[in-house]
Every structure is written in C-alpha cells, then in structure tokens.
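First the structure, in the form of structure tokens, and then the observations on it.
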Amino acid sequence: MSNTALEVGALAKVFGGLAAVDGVSLKVAAGERRVLIGPNGAGKTTLFHCITGTLKPTSGQVTLFGRDVTRLAEYSRTALGMGRTFQITNVFPDLTLGENLALAIVGTDRRKWVLHRPMQAYADVRRQALESLERVGLAGRADQPAKLVSYGERRQLELALALNTRPKVLFLDEPCAGLSPAERQRISQMIGELPRDITLLMIEHDMDVALGLADRVTVLHQGRVILEGSPDEVRANAQVRDVYFGHA
Amino acid sequence: MDRGRAVLAAVALAAALALPSAAGPFWTGLVTQMYIFGLLALSVDLLLGHAGLFSLTHASFFAVSAYTVAILQVRYAVPTALAAPAGILAGTLLALLFGLAVRTRGVYFILITIAFGYVVWGVAHRWSSFTGGDNGVTNVPFPALGAAAITSHTQYYYLVLAAVIVCGLGYRVFMRSPFGLGLRGIKASESRMQSLGFRTSAHLYAAFVLSGALASFAGVLYVYYNKFVNPVAASFPVSVEAALMAIVGGTGTIIGPFLGAAVVLGLRNWVSSFFELHAAVMGAVFIATVLWAPQGLVGIAGRLRARFGKAKERTP
C-alpha cells in the first residue's frame with residue numbers, strides 16, 4: 001500500500017461548453033484531512049462527483065491507494081473504500097433511521113442479496129446501527145421514519161450512513177450546510193473525533209470549521225486549483241481573500 | 001394491535017375455507033379468479049410498490065407460462081409434474097430477457113415494457129400454427145400428480161388457496177429481507193444506494209426476474225382454472241388491470257393486490273350484468289382511486305383506523 005490515499009491527475013469535467021472542473025490535480029496522503037474551499041461555482045461538488053464516480057470525468061485519472069479507479073462504477077469505488085455524504089441531504093425518507101443504517105451496513109457485504117431471512121434476524125446489523133446512531137447523537141431514534149426527524153438530525157444521519165460503508169477515504173460535501181451554529185459545532189466536533197486512519201476530504205464554506213479541521217487546504221476557483229497549503233498559509237494569502245471577497 | 005390482526009387473519013381464513021360449501025359454484029369460481037389475478041397483481045406490485053418500477057408487460061409472463069402448460073399438456077400429453085414447472089421456467093426465461101428493461105427508468109421503462117407486451121401478444125395472435133391463433137389452446141385438463149388428481153372446481157379452489165397462502169408468506173419474508181429493503185431504498189434514492197455500494201441495476205434486474213417468475217406461477221394457476229388460453233391472456237389490458245388492481249388495493253402491501261383483484265373482478269362481474277358500458281365504470285373507479293385514495297383500500301383502512309383510534313383515546 002502506498003502512502004498516498006488519493007491521487008487526482010489533470011481531472012476535467014465539461015458540461016456543454018463550460019469546464020466546471022478544468023484540469024485539477026490533487027494528492028492526499030493517507031490519514032490526511034484535506035478541506036476544499038472556493039466560492040460558489042468553483043467546481044468543488046463536481047470534482048467530488050467525479051472522484052466518487054457519481055459523474056464520469058471528461059478526462060483525467062483518479063487513483064485510490066495506487067489503484068486506477070477512473071473507469072469503475074460508483075458502487076465498486078464504495079467497495080474499495082470510498083464513502084461520501086451529499087451536499088443536498090440524501091437519505092431514505094420512508095425508511096426508519098435503523099433501516100437507513102442497515103442498508104449502509106449490508107451495502108458493502110454480500111448480505112445485501114439475501115432474500116430468505118428478515119433483516120431483523122441479523123443481530124449484529126441491528127447492534128451496529130444502534131451504536132452508530134448513538135455516536136452521531138441520534139440514540140433512541142432507530143424506529144422513527146427519516147422523514148419525521150429534523151433537518152439537522154438528517155444531516156447527522158447522512159454522516160452515519162457514510163461512516164457505515166467502512167470508508168478508508170471519506171468525502172464530506174458541506175456537512176454543516178444549513179445548520180444552526182450549535183448543530184454546526186456538534187457536527188464539526190464529530191468529524192474532528194473521527195479516527196485518524198480515515199482519510200478525509202471535505203468541502204466547507206464555514207472558514208472557522210474548515211480551517212479548524214484541516215491539515216491542508218486546497219482552494220478552487222473557476223474549476224482550477226489556485227492555492228494549496230496549510231490553513232495559516234491560506235488565511236494569509238491575498239489571492240484567496242480576493243476570490244472570496246472580490247476586488248477592493 | 002397484533003392480536004387484532006391475528007383474529008382478522010383467522011376469520012378471513014375460516015371464511016375462505018367455508019366459501020365453497022356456503023356460497024356455491026359461482027362464487028367459488030369468481031373467488032378462485034380473484035386469488036389468481038391477485039397473485040398476478042402481487043407480482044406487478046413487487047416492482048411497482050417496492051422498487052418503483054411500473055411494468056406493463058406482466059401479462060407476457062402470465063401468458064407464456066399458460067401457453068407452455070397448455071401446449072405441453074394438450075398436444076404432448078406431458079404430465080402436470082413436468083408441465084407446470086416448465087410453464088414457470090418458460091415465463092422466467094422470458095423475464096430474464098425482458099428484465100434488460102431495467103437499464104431505463106421512468107416513462108422509458110413503461111414504454112419499453114408496453115412494446116415487449118405487444119410483441120408477445122402479436123406472436124400469440126399471429127403464429128397460429130403453434131399457438132392456435134385466436135382460438136388458442138383448449139381442453140386443458142385439471143392438474144394431476146400421479147394418482148392424486150384434481151377433479152372439481154371446488155378442489156381446485158382449495159389448491160389455489162393453499163398456493164396463495166404459501167406465496168403470501170414467502171412474500172412477507174422477502175419484503176423484510178435485506179434484498180427487499182434494498183428495493184425500497186432504491187425507490188427512495190437510487191443515487192444514495194449506489195454510494196452505499198449497491199449495484200442498483202443488478203438489484204432491479206433480480207427483482208424483475210423474481211417478479212416475472214411469480215407472474216408465471218399465476219399463469220400456471222390460471223390455465224388449469226380456465227381450461228383454455230388464447231391471446232387475450234397476453235394482451236395489454238391484462239397488464240394494465242394487474243397494475244390497477246395493485247393500485248386500487250394499495251401498493252407496497254401483500255393484501256392490497258388481492259383486495260384490488262376482488263374489487264376489480266367483483267365490480268366487473270356485477271356491473272356487466274346490467275350495464276353494457278361496464279369498462280367506463282371501471283375507468284371511473286380507477287380515476288377516483290388515483291384522485292382521492294392514492295394509497296388504495298389499505299390506505300383508506302389505515303386512515304379510518306387512525307381516526308377511530310384517536311376517538312378512542314379522547315374518550316377515556
């Protein structure tokens with residue numbers, strides 16, 4: 001196993017005439033916490049989609065632990081250790097929180113094909129689901145349908161779903177989007193407490209959250225990387241201020 | 001609550017067992033049809049109510065299986081022990097082919113399945129040297145397993161009842177299994193399922209084949225009841241009615257498709273005895289269901305129970 005968890009080489013995604021991602025290269029070390037920042041429309045989410053396989057890139061490569069995964073389908077990348085959350089909450093509204101997590105747990109093993117045994121017969125799945133709900137602050141909610149819990153709680157569920165696919169590299173797309181300051185703090189604390197053997201890539205607009213969690217920061221603007229550095233370097237950089245706040 | 005449900009099931013079972021002696025041959029025959037078409041509707045609902053796929057080709061599996069049994073039994077004198085499994089096999093093989101439709105979604109899936117259905121109907125209708133054309137295949141005997149043979153419609157009624165109960169119990173396990181839960185997940189959010197590691201197209205394909213196998217089984221029960229099969233069994237209206245039965249009764253449930261079959265077949269039988277435009281009445285029922293009771297009869301029952309339950313809570 002190489003020391004590099006994820007390598008993205010000259011990745012581009014063109015929609016019609018618009019290059020949403022325009023030749024991005026990244027190298028993320030195993031165990032690193034990398035935050036992507038950039039103004040709206042910089043191509044952050046599109047880059048995530050191309051890396052995790054939700055979208056096919058127009059050109060470029062994605063390598064996971066030295067293995068070229070550019071042509072693999074999304075479910076295969078999940079099996080190889082990519083997990084993700086979505087910017088727009090993507091859970092199963094009609095299922096209970098417990099069922100939501102049960103799907104995440106069996107999604108990466110062969111039990112997802114079983115049709116002669118009820119899901120509830122798998123005591124270990126139930127136990128893991130309950131533990132996981134407790135860890136993200138949803139203890140005692142396993143039998144509630146996801147559509148009946150609050151928006152903030154659905155964001156917590158979203159995070160729990162991603163964590164239960166046993167990710168080696170976790171992609172979080174604005175985990176704090178739309179949350180109150182208190183919820184925001186709770187989620188960022190949860191992310192901060194994740195074990196260090198999970199490599200983390202995160203898109204985040206909130207500079208305090210972003211720079212507090214990151215080992216390194218990559219700044220995207222108009223589909224290109226304009227800066228990569230430590231949180232302090234990014235904070236001090238004039239070009240970043242320019243991009244975020246416009247010209248004086 | 002659970003006790004209430006058990007009592008209800010026991011009463012329903014007792015009524016079903018008593019029906020032939022209590023109600024006579026007309027009702028026995030009609031209810032046999034309700035069971036058979038309820039099973040077909042259940043197979044359609046496996047895709048519609050759980051996976052969110054609206055198939056309009058299930059008459060194909062139903063008819064191919066019925067034709068296979070009829071031709072083997074009548075022309076080649078193949079015994080039931082071989083003909084019935086061969087019917088299910090033939091319908092399931094067709095489902096393996098038609099299942100490729102799961103590469104599409106939404107309205108494209110509906111259109112492709114309609115086209116598939118017309119292909120099968122066209123073959124049944126035009127390839128008369130093999131299928132018997134419009135006359136179809138007649139004189140299908142009752143099923144017989146060695147010395148054990150069905151000799152009356154009453155006996156056949158009990159056989160179909162047993163088959164429906166076994167299928168219903170099996171379906172219940174399936175609904176709660178990881179695979180069944182996966183289908184509901186795909187219906188709710190396919191993109192999330194993929195990011196959780198599910199190969200959703202393979203999942204849907206497997207569900208399609210399973211659903212086709214169940215429709216084929218209904219076709220076997222149908223041909224032994226009906227004694228003949230002609231291209232009507234493969235026609236578009238049969239596929240549509242099966243879907244509408246599931247919707248009228250309540251999708252995503254086991255009892256719903258059977259209730260829907262009872263309503264559709266019962267109403268048609270009754271209305272057509274005094275009103276020539278009975279199809280228009282059926283149309284009005286379907287429109288009313290979609291407008292005012294999209295969850296079907298099961299949904300209405302749930303709403304009544306909620307209201308009744310609340311009223312009981314208020315009066316101590």
Region B:24-236, relative contact order in percent, only Cα pairs under 8 angstrom and at least six apart counted | 43
Region A:103-203, relative contact order [Cα under 8 Å, separation at least 6], % | 26
Search the structure for amide H atoms under 5 Å from the amide H of A:MET202, placed 1.01 Å from N in the peptide plane, and list their residues when 5 or more places away or on another chain.
-> A:ARG34, A:VAL35, A:LEU36, A:LEU172
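For A:114-124, what's the mean count of beta carbons from other chains sitting within 10 Å of each residue's beta carbon? Walk me through the intermediate numbers first.
Numbers: counts 5, 15, 5, 5, 9, 7, 2, 4, 1, 0, 0.
Mean shielding count: 5.
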Each label point is 7 Å from the Cα along the Cα-to-Cβ direction; what then is the distance between the points at B:ARG172 and A:ASP109, in nm?
-> 2.7
Probe 1.4 Å, all protein chains present, accessible-area order of B:HIS153, A:HIS49, largest first = B:HIS153, A:HIS49
Heavy-atom accessible area of A:LYS112, protein chains in place, probe 1.4 angstrom, given in Å² to nearest 10, is 30
Taking only the alpha carbons of region B:2-81, what extent do you get along each of the three principal axes, in Å, biggest first?
-> 47, 39, 23
Residue-normalised accessible area of region B:198-261, given per residue in Å² at a 1.4 Å probe = 26
Two-site FRET efficiency, A:ASP242 against A:ARG135, from Cβ-Cβ distance with R₀ of 41 Å, rounded to 0.05 = 0.55
Tell me, what % of the accessible area of chain B is carbon and sulfur with a 1.4 angstrom probe?
-> 69
Cα→Cβ-extended label distance, 7 Å offset, between B:LEU291 and B:ALA144, nm | 5.4
Volume per residue, Å³, of the convex hull around the alpha-carbon atoms of region B:99-213?
-> 166
Tail weight of P(r) past 12 Å, computed on alpha-carbon pairs of region B:234-274, percent | 56
Taking the reciprocal of mean 1/r across every pair of different Cα atoms in region A:1-147, the Kirkwood radius in Å is 17.5
Rounded to one decimal in nm, the spacing of the 7 Å Cα→Cβ label points at B:ALA202 and A:ALA123 is 3.0
Shielding by other protein chains, A:100-112, mean Cβ within 10 Å | 5
Loop-located trypsin sites (Lys or Arg not before Pro) in region A:143-248, at most 13 other Cβ atoms within 10 Å (DSSP) | A:ARG196
Residue-averaged beta-carbon neighbours from other chains (10 angstrom radius) around B:168-180 = 5
One can check that the equivalent ellipsoid of region B:193-316, built from the alpha-carbon gyration tensor with semi-axes equal to the square roots of five times its eigenvalues, has lengths in Å, largest first, of 29, 27, 13
What number, in percent, do you get for the relative contact order of region B:29-131 if the mean sequence gap of Cα pairs under 8 Å and at least 6 apart is divided by its residue count?
-> 30
A:LEU194-B:THR104 FRET efficiency (beta carbon distance; Förster radius 35 Å; 0.05 resolution) | 0.35
Accessible surface of B:ARG5 - all protein chains present, 1.4 Å probe, nearest 10 Å² = 150
Roughly how much accessible area, to the nearest 100 Å², goes out of reach of solvent when B and A pair up, both sides summed, probe 1.4 Å?
-> 2400
Please report, in cubic angstrom per residue, the volume enclosed by the convex hull of the alpha-carbon atoms of region A:91-164.
-> 79
Any chance you could run the full-extension gain for B:ALA301 through B:HIS278? It's 0.36 nm times the residue separation minus the Cα-Cα distance, nm to one decimal.
-> 5.7 nm
Give the calculated FRET efficiency between B:ARG3 and A:ASP94 to the nearest 0.05, with a Förster radius of 41 Å applied to their Cβ-Cβ distance.
-> 0.95
So what J values fall out for region B:112-121 if you push phi through Karplus, 6.51 cos²θ - 1.76 cosθ + 1.60 with θ = phi - 60°, rounded to Hz, Gly and Pro as x?
-> 5, 5, 4, 4, 4, x, 5, 4, 5, 4
Whole-number D in µm²/s for region B:1-147 (Stokes-Einstein; Kirkwood sum over Cα pairs; 10 °C, 1.306 mPa s) | 89
With a 1.4 Å probe and every protein chain left in place, tell me how much accessible area B:ILE300 has, in Å² to the nearest 10.
-> 70
Considering the Cα trace of region B:24-236, what is its radius of gyration and what is Dmax, both in angstroms?
-> 17.7, 56
Looking at region B:102-138, which trypsin sites (Lys or Arg not before Pro) are in a loop (DSSP not H, G, I, E or B) and have at most 16 other Cβ atoms within 10 Å?
-> B:ARG105
In square nanometres, what is one fourth of the surface area of the convex hull spanned by the alpha carbons of the protein assembly as shown?
-> 33.6
Residue-normalised accessible area of region A:91-164, given per residue in Å² at a 1.4 Å probe | 44
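Rounded to two decimal places and with Rh computed the Kirkwood way over Cα pairs, what is Rg over Rh for region B:87-144?
Over the Cα atoms of region B:87-144, Rg/Rh equals 1.09.
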By accessible area of protein heavy atoms, probe 1.4 Å, what ranking do B:TYR108, B:TYR118, B:TYR225 get, highest first?
-> B:TYR108, B:TYR118, B:TYR225
Compare A:ILE198, B:ILE287 by solvent-accessible area with a 1.4 Å probe and give them largest first, with all protein chains kept in place.
-> B:ILE287, A:ILE198
Stokes-Einstein D for chain A (37 °C, 0.692 mPa s, Kirkwood Rh from Cα pairs), in µm²/s, comes to 174
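The values are calculated or read from the model by the stated rules, or taken from the named source; none is laboratory data. Everything numeric in this text was worked out from a predicted model, so none of it was measured. FYI the Cβ positions are ideal-geometry reconstructions off the backbone, even for glycines, and counts take in every protein chain you see. The protein model used for the area step is the full one, side chains on, heavy atoms only, and it has no ligands, DNA or RNA in it. Shrake-Rupley method; radii C 1.70, N 1.55, O 1.52, S 1.80 Å.
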